[in-house]
Ligand code: 16G
């Protein structure tokens, strides 16, 4: 339902039709050969993940129904994955036994910046989290991205801090 999208777009872009030769869809096993992991390297450390490890992890995620919504944008003219973002749902007993959602691993390839594709990905996943009945959606981001996420209504929480232990 397009009316649920939060953002305004230029040049006839919509989350369902992000551009010429650009297809937005769920991650597939075959995306290993379309540069999916190389794209994630533009975000952070990926390491040396073999095709076998990728398949094992993909299948584990797939086995958790209604939990991992890994979305990609493929440039079909090059068979390359050029954008991705993930929605993860975490089931809860609180809030009427609904779920919280997190938006994770948002990346748009360097050569595809400025095409509103980050907006398309986040907009779609925010809508999805709402449609799926989550009571909130959250994310962690670098300071310089705060303004970008504010466009969709994300706010820094005045009462919660993000804390972590890194191993
Ligand atoms: C950013 C990402 C997060 C990702 C992390 C990786 C978004 C909105 N946030 O915080 O999803 O997992 O970077 O960084 O995309 P790390 O390798 O330091 O954990």
*Under a no-solvent Debye model with one identical scatterer per Cα of segment 1-149, what's log10 I(q)/I(0) at q = 0.10, 0.11, 0.14 Å⁻¹?*
-0.35, -0.43, -0.71
_Mean Cα-pair separation over length for segment 8-130, i.e. relative contact order, pairs under 8 Å, 6 or more apart, %_ = 26
*Along each of the three principal axes of the Cα atoms of segment 64-167, give the extent in whole Å, ordering the values from largest to smallest.*
46, 32, 32
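Only the coordinates and a few stated rules stand behind these numbers; no lab work does. Predicted model, so just to flag it, every value in this text is computed and none were measured.
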